[in-house]
Each structure stands twice: as structure tokens, then as C-alpha cells.
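Undergrad: First the structure, which I've put down as C-alpha cells, then a few questions once you've had a look.
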């Protein structure tokens with residue numbers, strides 16, 4: 001049994017390795033019993049790698065990492081991260097491929113994923129209700145929104161009653177109510193003895209109950225200590241200081257190309273839309289029109305249908321063909337060219353980022369936007385190469401142009417995908433939580449860029465965000481979605497032994 005103030009994990013002159021990069025050289029750090037830590041630092045600084053080393057997933061090439069718990073702390077660490085989310089969704093895609101090949105099996109549900117752990121079933125049921133997950137337990141994992149998946153993985157980790165729980169950017173993708181609920185749930189866990197290691201992008205996410213903070217600057221651990229000593233008012237002001245005005249970044253897209261059209265022309269039309277999954281109704285009789293010259297924000301809580309709405313536009317939700325949805329004046333499913341539509345539209349979303357796992361360079365990721373491909377399979381011409389270089393310069397990513405995309409931090413990947421979407425100067429740009437995973441500097445850069453797009457080009461925006469402070473001035477139209485009352489019945493969490501196997 002670990003006692004308060006006794007060493008739990010010690011790092012002595014540790015240097016980490018992530019791919020071909022060395023991170024946080026010569027790090028000294030000690031976590032003691034009863035301490036709850038937050039790690040803060042910019043994108044690409046090594047925050048997630050440090051948390052991964054504590055869990056045992058990221059190798060260290062120098063120094064020593066000592067686990068003092070005689071019960072082997074490495075086996076008692078819960079973990080929630082974007083990498084874990086990517087791993088689970090990739091596994092589901094492989095199962096889907098096997099089902100398509102064999103014609104057998106079915107999609108795994110959210111409830112079955114929760115039932116995999118060996119924790120206390122009563123505790124897990126309580127956590128599910130606390131995080132408002134009951135209604136999605138019967139849904140396939142791949143049908144869930146980004147925010148719903150995040151909450152599902154957090155519930156799964158909490159249900160195992162870990163000694164140490166690592167939460168890597170847990171509030172990303174959650175609406176304001178869910179962020180508050182999760183913060184309260186984690187605070188209660190700390191009060192009952194679970195130690196927390198929180199990796200955060202925003203100082204305001206360092207929740208009550210966090211006692212210590214590790215601060216990373218310039219590629220090294222700059223400061224460790226009690227929260228009130230590290231997060232002084234002066235340091236908090238530096239974290240939250242805003243950079244240049246939003247109009248400072250002007251993207252190289254004077255217009256939206258040859259299909260610029262005329263102001264007021266409908267770009268997206270949804271007429272009497274109905275979308276349902278079994279008894280769960282997402283939309284029933286919804287109407288919405290986006291016209292050329294309009295920039296829209298779509299807001300609403302997790303599970304209100306934002307991702308479904310965007311997927312109807314992109315065609316990733318097959319129920320679009322059972323509804324009247326018009327894009328660029330043509331009804332989906334009536335002979336329109338998918339590639340023509342994609343050429344006129346750019347997309348940035350957490351789901352795209354999860355799917356983009358090709359081991360290609362950052363430059364190739366940006367160039368793939370010309371061809372709407374995951375990976376680069378065609379040779380770009382000189383003009384396309386010049387545009388890609390321009391975007392690398394705008395985003396300050398020239399030095400990492402040859403770095404492998406999967407080895408970037410989550411926030412760095414997001415910036416590269418914004419450039420990928422805009423490199424072809426589309427008529428319509430869909431931005432689903434574009435600032436998710438970005439530190440304060442890159443968040444200001446992304447907001448300035450989006451304001452330049454929305455206010456200085458003919459590209460029209462559909463912008464989803466859970467943070468009101470990220471609403472840019474050029475957006476003057478808002479679609480507000482509410483979580484409707486949907487019949488779901490009493491969904492229970494199956495035990496691991498009850499789950500039906502997916503046979504491929």
C-alpha cells in the first residue's frame with residue numbers, strides 16, 4: 001500500500017525517445033503518494049511522451065525510471081489519450097474489413113467496450129450515469145461523436161479503479177456541461193485516493209484537486225512544484241496572452257476558384273431531414289440552408305447531432321441518400337460526381353485526423369489536399385508544390401516539412417490538416433473543432449488564419465466549436481442544436497463474458 005508523501009515514481013536524468021527525436025533531456029521528476037500532477041507545455045514539447053513514459057509506453061534512452069510501488073504500479077495505471085482513441089478506432093476498422101470480407105459478425109457497441117474491463121460493475125454503472133453515456137451504450141463505437149468517444153474511454157478507465165490515472169487532454173471535444181461534469185468526477189476520485197496525472201493545453205483545465213504542476217519550456221522541464229508556486233499570476237498571464245489581431249494572417253486564397261458563383265446562391269440545402277438509428281432519432285423534420293457569402297457556427301452539446309449534420313454534407317453518413325440534401329445546387333444521390341464535390345469542399349475534423357495514419361511527411365499531407373486522398377499517390381505540379389510551401393511558411397511548419405505525420409503532436413497534426421483543407425482554396429470549408437489539441441500560441445494562429453479565410457476570401461465556413469471564446473468575428477450565423485429526448489430504454493453494460501464476439 002502506497003503511503004502519502006512516499007515516492008511513487010522517480011525519473012533520474014531521463015531522456016525520452018519518440019521516433020528519431022530525443023525529448024526532455026536530463027529530466028528529474030518525482031511523483032509521491034497523495035500528489036496529483038498536471039503537465040503543461042506547448043504543442044510538440046513532449047507532454048504526452050512524458051505521460052507515456054510513466055505508463056511504460058514510451059522508451060527512455062538515458063537515465064533511470066524507478067517504480068517504488070511494490071505492487072507494480074505499471075500494471076495499475078489507467079490511461080486515456082488521443083493515441084488510445086486512434087488505436088481503438090483502427091481496431092474497429094479492421095474488424096469492419098473482416099466483416100465485409102466474411103459477411104459475418106456485427107459492429108461492437110459502446111457498452112461492450114466498457115464491459116471489457118475487470119473493475120467494479122456498480123462503480124462503472126455510476127460513472128456511466130454521471131457522464132450521461134447511458135443513451136449510447138447500444139450504439140456502434142464508430143457511430144459515436146468525438147466527444148462521446150472521449151467520455152466513453154474516460155468512463156472505461158475510471159471503472160478499473162486505477163491507482164494512478166493519466167488523462168491526456170481529457171476535456172478536448174467535450175461541451176461546457178460535460179467538461180464541468182468530468183472535472184467534478186475527477187475531483188471526487190482524487191478525494192477518494194485515486195492519484196491523477198493530467199496533461200492539459202489550457203491552464204484553466206488544471207482542475208481543483210491538482211496539487212502540483214510540471215511546466216515544459218524550450219524542450220526541457222523548466223519548473224516543477226506546488227500548483228500555486230508554479231502557476232503564479234505572471235505565468236498565467238503569459239499562458240493566456242493573446243498575440244496579434246485576428247486579421248494578421250491572410251491566407252493565399254483571393255477567391256474560391258472558377259466556381260465562385262454569386263452571393264446568396266445556396267451551397268448547402270437540407271429539407272425536412274430525418275435521421276434515426278433504430279429508435280434513436282437524431283433529426284426529425286430539420287431544415288437548414290447555407291448560402292454563398294455566409295459563415296456559420298454549429299453549436300450544441302455532445303450527442304446533439306453536430307457530427308451527423310457534417311457527415312450528411314460530406315456524404316459519410318449514408319442516410320443522406322434517403323433525404324433531400326443539396327450541395328452546390330445538386331441533390332446528393334442523383335448522379336453527382338463525388339470527386340467534383342470533394343474538389344469544391346475542404347474538411348478538418350477529429351475523425352479525419354484519426355483516420356490519417358499514413359506514414360507520409362507533413363509536406364505530403366498538405367499536398368494530398370489537392371487530391372482529397374489519405375496519403376499522396378499522384379505527382380503534384382509546380383504550382384501545387386509552391387502553394388504547399390506557402391502554407392508551410394504561413395503555419396511556421398517549414399522546419400518540420402519532412403517529419404513523418406504520425407510522429408507529430410496532436411496539435412501539430414491539426415495545423416497540418418487545416419493547411420491540407422485550404423491548399424486548394426475550396427468554396428466550402430468545414431471546421432469541426434479546429435482548435436482542439438492546440439496550445440495557446442497555435443490556437444491564436446489558427447483563429448487568425450480562420451478569420452482571414454472567413455473575412456478575406458470567398459471560402460465559406462461551417463465551424464463547430466464547444467468554446468465560445470473561439471467564435472471568430474466573420475461568423476454571423478449560428479445553428480444551435482439541442483439534445484432531443486430520444487427513446488433509448490434502460491441500456492446496461494454487458495460483462496466481458498456476455499459480449500458477443502465479432503467474427504471475421
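The values are calculated or read from the model by the stated rules, or taken from the named source; none is laboratory data. Note that the coordinates shown come from a computational prediction; the quantities given were computed from them, not determined experimentally. FYI the Cβ positions are ideal-geometry reconstructions off the backbone, even for glycines, and counts take in every protein chain you see.
Undergrad: If residue 390 passes every condition in (1) surrounded by fewer than 16 Cβ atoms within 10 Å (Cβ to Cβ); (2) outside any loop (DSSP other than H, G, I, E, B); (3) in contact (Cβ under 8 Å) with a residue 24 or more places away in the chain; (4) in contact with a helix residue (DSSP H, G or I) (Cβ under 8 Å, 6 or more places away or on another chain) but one, which one does it miss?
TA: Among (1) surrounded by fewer than 16 Cβ atoms within 10 Å (Cβ to Cβ); (2) outside any loop (DSSP other than H, G, I, E, B); (3) in contact (Cβ under 8 Å) with a residue 24 or more places away in the chain; (4) in contact with a helix residue (DSSP H, G or I) (Cβ under 8 Å, 6 or more places away or on another chain), the lone unmet condition for residue 390 is (4).
Undergrad: Considering each residue of region 98-139, count those that are without any contact (Cβ under 8 Å) to a residue 12 or more places away in the chain and either part of a helix (DSSP H, G or I) or touching a strand residue (DSSP E or B) at 6+ places or on another chain (Cβ under 8 Å) (or both), and give that number.
TA: Here the count works out to 4.
Undergrad: Can you name the residue in region 256-281 that is under 21 Å from residue 461 (Cα atoms) and in a loop (DSSP other than H, G, I, E, B) and, of all such residues, is modelled with the highest pLDDT?
TA: Looking at residues that are under 21 Å from residue 461 (Cα atoms) and in a loop (DSSP other than H, G, I, E, B), I get 265.
Undergrad: State yes or no: is residue 461 modelled with pLDDT of 95 or more and outside any loop (DSSP other than H, G, I, E, B)? Before you say what the answer is, go through the steps one by one.
TA: Values: modelled with pLDDT of 95 or more: yes; outside any loop (DSSP other than H, G, I, E, B): yes.
So residue 461 fits the description; yes.
Undergrad: Any chance you could count how many residues in region 180-202 are farther than 22 Å from residue 52 by Cβ and touching a residue at least 60 places away in the same chain (Cβ under 8 Å)?
TA: Qualifying residue count for the region: 0.
Undergrad: Let me confirm something: among 402, 383, which residue is surrounded by fewer than 21 Cβ atoms within 10 Å (Cβ to Cβ), more than 30 Å from residue 326 (Cα to Cα) and in contact with a strand residue (DSSP E or B) (Cβ under 6 Å, 6 or more places away or on another chain)?
TA: 402
Undergrad: To continue, here is another question. What is the residue count in region 209-229 for residues that are closer than 25 Å to residue 82 by Cβ and surrounded by 12 or more Cβ atoms within 10 Å (Cβ to Cβ)?
TA: Residues in region 209-229 being closer than 25 Å to residue 82 by Cβ and surrounded by 12 or more Cβ atoms within 10 Å (Cβ to Cβ): 14 in total.
Undergrad: I want to confirm something. Restricting to region 315-343 and keeping residues that are at pLDDT 90 or above and crowded, with 18+ Cβ neighbours inside 10 Å, which single residue is farthest from residue 427 (Cα to Cα)?
TA: 323
Undergrad: Further, regarding this structure: Check 169, 175 and return the single one that is under 14 Å from the mean Cα position of the chain (by Cα), at positive phi and not assigned by TED's automatic domain parsing to the domain that holds residue 437.
TA: Matching residue, one of 169, 175: 169.
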